[in-house]
Each structure stands twice: as C-alpha cells, then as structure tokens.
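The values are calculated or read from the model by the stated rules, or taken from the named source; none is laboratory data. For clarity, every value in this text was computed on a predicted model and none was experimentally measured. Ideal geometry is used to build each Cβ from the backbone, glycine not excepted, and the neighbour counts take in all protein chains shown. Calculation scope for accessible area: heavy atoms of the full protein, side chains included, ligands and nucleic acids excluded. Shrake-Rupley method; radii C 1.70, N 1.55, O 1.52, S 1.80 Å.
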Amino acid sequence: MNSTMLDCLIKQVVSKLHEPVVDSESLNQWKTELFTLINSISEFKLSFRSKDTEKSLSLDPDDWRAARYLTHKMLDSSLDYIQYIRNRPIRQWASSDIRTLLEDEPFPEQGQTLASVCDDILEYVIPYARGNAHPRFWAWVVGEGTLSGIIGETIAASLNMNVCDTDHSGAFIEKAVIKWMCQLFNFPKETTRGLLVTGTSMATIISMAVARQRILPNVRQDGMMSGYQLIVYASTETHTCVVKALELLGLGSKALHLISVDESFRINTLELRTAIQNDRSNGLIPFCIVGNAGTVNVGAFDNLSELSSIARAENLWFHIDGALGSFVVLDHERRHLVNGIDQADSLAFDFHKWFHCPHDVGCILIRNGDLLRSTFTLHQSYLNRTIRAFPDDDIWFCDLGPELSRSFRALKVWCTLKEHGTVRLGQKIAENCEQIQYLVSLLDKHSRIIYIFRPILLNIVNFRFEPEEFGKNDQARIDMFNKELVLDIQLSGIAFLSTTRIHDRLYIRMCIVSHRTTVKDLDLFMETLFNFYQEKIKNLSFNRK
C-alpha cells in the first residue's frame with residue numbers, strides 16, 4: 001500500500017479530530033468532512049490488492065474492517081433518511097440525465113470497489129426514491145416501514161435462507177406468524193395452513209388455484225381441456241388482481257361475473273343470488289365468491305357474513321380480499337366492518353400496508369390445509385426428505401405454493417409484531433381513520449366549492465373542487481382542474497395524492513396508512529391545497545379577461 005498517501009489521510013483525520021466546533025451547523029460540517037476522510041481511507045484500502053498475496057477466491061471483502069465501516073456508513077444513511085424525512089420533499093424528481101445514467105449504465109464486466117458502489121447508492125438511488133416513507137405520502141395504499149422491519153430485512157439478507165422446507169429458524173418463525181394470524185382472524189389452527197408471499201396479488205392466485213382444485217380435482221393432470229366454464233362472483237369495486245389470477249390460471253377474464261354495488265359501494269347480494277341461479281341455468285359452473293374487506297377506491301366493506309351464508313348455501317368457495325381493511329379487526333370501533341371474516345375459505349392480506357412492514361410481504365390463509373397441499377405438492381427426487389432431518393408429518397412450504405425459492409419474509413413481520421404488538425398497531429389504524437375524519441371536518445368548511453364523496457368508513461376520502469367559476473355541466477373542465485391541482489401538489493413536494501373516478505367523475509383521493517402522519521401534516525396540506533386552488537382560480541379569471 002502507498003504508505004505516504006495513507007499517512008497523509010490519517011494526519012488529516014487526526015487534525016480534524018482536534019478542530020473546535022461552536023454550534024450545531026459547524027458540528028454537522030465537521031462530521032461530514034470527517035466521514036469523507038474516513039471514506040477515502042476505506043476506499044483506498046478496499047481498492048488495494050497486494051501483489052505478493054494470492055487474490056481471495058470468494059466474493060467476501062479482503063479487508064473486513066474497512067468493509068464494516070462502509071456497511072455502518074450505509075446503515076447510518078438509511079437511518080438518516082428515515083429520521084430526517086420531514087426535512088425533505090416527498091419526492092425529488094430525477095432529471096433525464098440521471099434517469100439515462102441509471103437505465104443505460106454499461107454492462108459491468110469488471111467490478112469496482114464497494115465504496116464506489118455505495119457512493120452511487122448515496123448519489124443516485126436514495127435521493128430519487130419513490131417517497132412513500134414520507135408522512136405526507138397519501139397516494140394509493142403503501143406502508144412506510146419500521147426500524148424493526150429494517151433490522152429484520154438486514155438479518156434475513158445476511159442469513160440468506162431459502163425457506164422452502166421446515167427444519168430451521170426461518171421456517172419456525174414463518175409458522176409462528178401464520179399461527180398468530182390464525183388467532184387474529186379466528187381461523188382454526190388445526191386445519192388452516194398458510195404462506196407468506198409477495199402480496200395479495202400472489203395470495204389471490206394461490207386462493208383461486210385452490211378453489212379451482214376443489215371443483216375440478218383432476219385439473220392438475222387434465223388442465224382446462226374439459227370445457228367447463230367456471231364462474232367467480234365479485235363486485236365492480238374488486239381489485240384487478242382477481243382478474244389477473246383468473247387469466248393466469250387459464251380460466252380467462254370472462255370467468256369473472258361482476259356484480260353491481262349499492263350506494264355504500266358494497267356488493268348487491270340480491271343481484272348476486274340471481275346471477276348464480278341464472279348462470280347455473282345457462283350451463284355455467286359457479287365456484288367462488290370474492291368478498292372485499294376494504295376496497296381500494298373508497299374503503300368499502302362487503303357484508304361478509306351474508307356472503308359467507310350465500311357461499312355455504314350454494315356450495316361455493318368464499319374468498320376475502322383483505323389487502324387493505326382486514327386489520328381493522330384490531331380497531332375496537334371499526335372491527336364490526338369485518339364481521340364474518342372468520343368464515344372465509346381463504347383470506348388474503350398484506351403486511352406491507354397497515355402493519356407497516358417493509359415491502360414486500362403478504363399472506364394467504366387457507367381454511368382447508370389439505371386442499372392447499374393437494375393443489376401444489378409435487379415431489380422431486382432431489383427434494384427427498386431424510387427422516388433424521390425432517391419429521392414424517394412436516395409439510396414443506398414449497399408444497400403449499402408455486403415457489404420453491406422463498407425468501408425469509410417472516411422475519412420482518414415477526415420483528416414488527418414483537419416490537420410494537422397488535423395493540424399499538426391497532427391504535428395506529430384507528431388514528432389514521434380519525435385523521436381522515438379531521439381532514440373531512442376541514443374540507444366541510446368549504447362545502448360551497450368542495451364536494452366530498454360519502455360514506456367515509458375507513459382511512460380514505462375522495463373529494464373534488466367544483467368552483468363556481470365553472471358551470472355545473474362543465475364536468476370535463478372540472479375534472480381537469482382537479483387533476484392539475486393534484487399534479488401541482490405532487491410537484492411541490494409537500495404532499496403526494498392520487499386521483500380516481502367515481503360515477504364517471506374525477507376525484508382527489510387521499511388514503512392515510514402512515515404511522516408518521518400528524519394533524520400538523522394535515523393542516524399544512526390544507527394550506528398548500530388552498531394556495532394552489534386560489535392561484536389557479538386567479539389565473540382562470542385572468543385568462544377570461
């Protein structure tokens with residue numbers, strides 16, 4: 001190693017250590033300069049390869065001490081991102097140059113130093129993140145993550161376990177999480193089996209596959225060559241993951257019979273009963289009803305108890321999409337919304353929404369575990385179990401789903417639950433719902449120009465400005481006005497909202513799933529919203545002149 005250069009860097013560090021600091025600003029500057037010097041030393045050490053020493057054959061660092069420094073630096077950067085997230089805009093939009101640099105980077109035939117890779121992360125990745133960890137990110141339904149989740153992800157990546165079998169800590173923890181969920185939703189522990197998956201989309205594919213297996217026991221061998229047209233029933237508010245699942249399973253989108261909703265956006269059960277009878281009369285085979293526990297658009301809940309009764313009477317599989325709202329079971333004031341959830345044959349939900357776990361992790365619970373196993377079990381000679389290592393009655397996770405390679409997703413869920421507990425998580429759910437009601441109270445003060453879609457049951461509100469400057473029949477221009485208003489707010493970095501369409505009208509949609517959101521955030525949003533509104537109205541009046 002070039003000792004002269006190293007000695008020079010060390011002297012600069014020693015000198016920096018003796019520099020006085022007088023206030024927080026100079027302290028931060030001092031820390032930045034010191035970290036830069038230490039980083040230079042670590043990069044110098046990592047890039048050095050002694051000509052007299054045979055190069056390591058593994059991909060591990062040659063200098064673990066320097067590598068530890070870099071790793072701790074990146075962890076500190078991650079924690080700084082969270083701790084000081086309020087001090088930055090929700091999203092920094094990447095320039096075309098940055099986007100091109102990342103998307104068109106040359107194929108890396110030769111490696112570079114770990115320090116260089118870390119520098120690229122700090123310069124090009126972190127600053128241009130999506131922003132959904134911010135307390136004023138209220139678009140769609142996206143969680144923020146927690147510190148315990150970060151720790152869980154870090155340890156899971158270090159252990160790098162494939163949780164396809166059952167005789168190790170990764171499997172033990174996933175089993176524990178599944179048992180906890182059975183207890184939470186009152187599913188029978190004796191018969192229920194489940195999996196942690198990427199999210200409700202994958203969970204829906206699994207549940208539809210099991211429902212299909214129930215009605216067509218030979219489908220794994222024969223496929224869909226029999227010509228049977230199976231039918232699934234769901235409301236018009238159902239998530240598109242159901243359509244994708246049916247398409248992937250070879251049933252086709254025509255297998256989904258959409259049922260209208262009532263004024264509260266719940267499935268019309270009278271129409272559902274009639275549709276089942278009519279389809280049977282026409283030679284079709286009804287096999288599944290999908291109930292919604294919190295729709296994406298408005299947060300509506302189907303009458304799950306009634307749907308369960310219909311499914312039992314008609315001998316149909318009853319699946320519940322609980323991606324958004326299933327966890328209101330933890331909120332004492334709103335748990336009645338999911339009455340009947342314990343009667344589902346399958347329940348899909350996400351931990352990366354209202355449980356605040358890092359993406360991605362969802363769950364599927366199947367009441368009839370034997371049917372789940374018969375849907376996916378396929379033994380291969382290279383996966384033979386040895387009796388000494390695995391108990392005879394132990395079912396591998398890869399026998400319960402389509403994936404053989406399965407990451408250790410359960411650890412971040414386990415960590416989050418153990419740190420915060422369901423009582424605290426339930427309180428945050430209730431808090432988000434109350435925050436929406438507070439926002440509604442502010443919007444109601446401007447009822448002359450703001451229309452709010454009701455009812456509001458959960459953590460979602462849809463509203464739209466209907467300025468007096470527009471005519472009542474000029475709906476297209478009103479839609480565009482609201483859309484541009486949302487874009488202005490997004491670009492400001494103050495808040496991030498989305499839009500949706502209800503009854504063919506565009507609405508501004510806010511959905512709070514943040515454990516970091518406060519009333520002050522909502523007050524700031526209202527101030528920003530009306531500043532942009534008044535500016536747009538002023539420009540509108542000016543243009544008319």
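Let me make sure I get this right: for the stretch 424-543, a, b and c are the square roots of the gyration tensor eigenvalues over alpha carbons, sorted descending. Under 1.5 in a/c it's rounded, otherwise prolate if a/b > b/c, else oblate. Which is it? Cα axes put the stretch 424-543 in the prolate bin. Each residue was assigned an accessible area with a 1.4 Å probe, and for Lys483 the value is about 100 Å².
Computed from Cα atoms alone, the Kirkwood hydrodynamic radius reported for the stretch 190-233 is 12.1 Å. Here, the stretch 274-345 yields an orientationally averaged convex hull projection of 5.2 nm² when only Cα atoms define the hull. Taking the DSSP bridge list for the chain and keeping only pairs wholly inside it, about 60 percent are antiparallel. Rounded to the nearest 10 square angstrom, Thr200 shows an accessible area of 10 square angstrom against a 1.4 Å probe.
A probe of 1.4 angstrom, applied to the heavy atoms of all protein chains, finds Cys8 with accessible area near 70 square angstrom. Pairs exceeding a 32 Å alpha-carbon distance, out of Lys428/Lys472; Lys175/Lys353; Lys189/Lys412: Lys428/Lys472.
The peptide list 454-463, 223-232, put in order of mean Cβ contacts within 10 Å with the highest first, becomes 454-463, 223-232. Looking at the stretch 154-214, the pairs of alpha carbons with a distance over 20 Å make up 38% of the total. In the stretch 493-534, the inverse of the mean reciprocal separation of distinct Cα atoms equals 11.8 Å; this is its Kirkwood hydrodynamic radius.
In the full protein context, the chain carries 51 Å² of accessible surface per residue, based on a 1.4 Å probe and ignoring ligands, DNA and RNA.
Among the protein heavy atoms of the chain, carbon and sulfur supply 53% of the accessible surface, probe 1.4 Å, non-protein parts ignored.
For the chain, Cys8, Cys118, Cys182, Cys241, Cys288, Cys357, Cys363, Cys415, Cys433, Cys511 have no disulfide-compatible partner, since no other Cys C-beta lies under 4.7 Å from theirs.
The separation of the stretch 391-438 from the stretch 149-166, counted between C-alpha centres, amounts to 14 Å. Once you order the gyration tensor axes a ≥ b ≥ c over the Cα atoms, which shape class does the stretch 126-169 get: rounded for a/c under 1.5, otherwise prolate or oblate by comparing a/b with b/c? Judged from the Cα gyration tensor, the stretch 126-169 comes out prolate (a/c at least 1.5, a/b above b/c).
Once C-alpha pairs closer than 8 Å and six or more residues apart are averaged by separation and normalised to the residue number of the chain, the relative contact order reads 18 percent.
For the stretch 424-543, the relative contact order comes to 25 percent (Cα pairs under 8 Å, sequence separation of at least 6).
Expressed as a whole percent, the proportion of Cα-Cα pairs in the chain lying more than 31 Å apart is 58%.
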